[in-house]
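The values are calculated or read from the model by the stated rules, or taken from the named source; none is laboratory data. Since the structure is predicted, the reported quantities are computational estimates derived from the model, not experimental observations. FYI the Cβ positions are ideal-geometry reconstructions off the backbone, even for glycines, and counts take in every protein chain you see. The area values use the complete protein model at the heavy-atom level, side chains included, leaving out ligands, DNA and RNA. Shrake-Rupley method; radii C 1.70, N 1.55, O 1.52, S 1.80 Å.
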Amino acid sequence: MHQPSARFLVVSAGMGAGHDAVAAELVRRLERLGQGAGRVDVLELLPHRIGAGLRSFYRTTIRRAPVLYEGIYRAFFRPGRGPRPGSAPLAALAEDRLLALVERERPDVVVPVFHLAAQLTGRLRARGALGVPSAVVVTDFAVHRQWLHPGNDLHLCVTPEAADTVRRALGRPSVATGPVVAPRFFAPAPGAARWRRHLCALAP
């Protein structure tokens, strides 16, 4: 008997190419399996061009002021004692647009592949506003605290260690699936054999 296909909504972010690459590969795999899949950029769900401003600030900081980015990372992403700043107020600004999109697209599962998107779906799931499950694809090998929200239903992680980190932090289901990359990355790069021979010859 033919099983009806599910529909997935992948929520990425155009902050560099990494998250969008994962989103594109997820959509490709799902469509290959006969499932429906759509994509949205969480930055585009923020009002008043806030998302465009964040993207520009991130790129400028990485290129010209990495020390400033290090400070932001320490404050927002690393765990620490006492109250710590988070992205909840920013995620709240995107709630109405995501819920409207879910109402139009009717996905069976929402799949965040960016930490702000994970905070967004976690908040909505926790209070029952998002009626479909959220499965977070954690793209980082080291899981920082902005990925973690107990409202999300499932976390898919790059390594068993990352999955264990999520389970210990949230007490929620988490599994290791490996990296979500295009098939070409699993094949040897052009010239790899030659470089391997060269490097092995240099080894003591």
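Where only DSSP H runs of four or more residues are counted, the chain gives -14000 deg cm²/dmol as its mean residue ellipticity at 222 nm, each run worth -39500 (n - 2.57). Think of each Lys and Arg Cβ as +1 and each Asp and Glu Cβ as -1; about the Cα centre, that makes the dipole of segment 11-69 roughly 200 debye.
Kirkwood radius, the chain, all distinct C-alpha pairs, inverse of mean reciprocal distance: 18.5 Å.
Specify the residue with the greatest mean-square fluctuation among Ala91, Ala118, Ala75, computed from a Gaussian network of the chain linking alpha-carbon atoms under 10 Å apart. Most flexible of the set in this elastic network: Ala75.
Local charge sum around Leu99 (other residues, Cβ-Cβ under 13 Å, Lys/Arg +1, Asp/Glu -1)? Overall, the nearby charge balance is +2. Among residues other than Val175 with Cβ under 13 Å from its Cβ, the summed charge is -1 (Lys and Arg +1, Asp and Glu -1). Taking Phe76, Phe114, Phe57 in turn, the Gaussian network model of the chain (Cα-Cα springs below 10 Å) assigns the largest fluctuation to Phe57. If you model segment 38-157 as an ellipsoid using its alpha carbon gyration tensor, with each semi-axis the square root of five times an eigenvalue, the axes come out at 25, 17, 13 Å, biggest first. Each Cα pair under 8 Å and six or more residues apart adds its separation to the average, and for segment 82-153 the resulting relative contact order is 34 percent.
A cut-off of 5 Å between modelled amide H atoms, ignoring neighbours fewer than 5 places along the same chain, links Phe77 with no other residue. Relative contact order for segment 92-204: 18 percent, from Cα pairs under 8 Å spaced at least 6 residues apart, divided by residue count. Excluding ligands, DNA and RNA, the accessible surface per residue across the chain is 58 Å² with a 1.4 Å probe.
Could you work out the local net charge near Leu130, counting Lys and Arg as +1, Asp and Glu as -1, over the other residues with Cβ closer than 15 Å to its Cβ?
Numbers: positive: Arg7, Arg97, Arg104, Arg106, Arg123, Arg125, Arg127; negative: Glu95, Asp96, Glu103, Glu105, Asp108, Asp153.
Local net charge: +1.
What FRET efficiency, computed as 1/(1 + (r/R0)^6) with R0 = 22 Å and r the Cβ-Cβ distance, is obtained for Arg7 and Phe141, rounded to the nearest 0.05? Spell out each step's value before the answer.
Working: r = 30 Å, r/R0 = 1.35.
According to the calculation, E is roughly 0.15.
In summary, segment 16-103 shows an alpha-carbon radius of gyration equal to 1.35 times the 2.2 N^0.38 Å reference for compact globular proteins.
For a paramagnetic label modelled on Asp108 (point 7 Å from Cα along Cα→Cβ), amide N atoms under 16 Å away belong, within segment 3-36, to 3-10, 27, 29-36.
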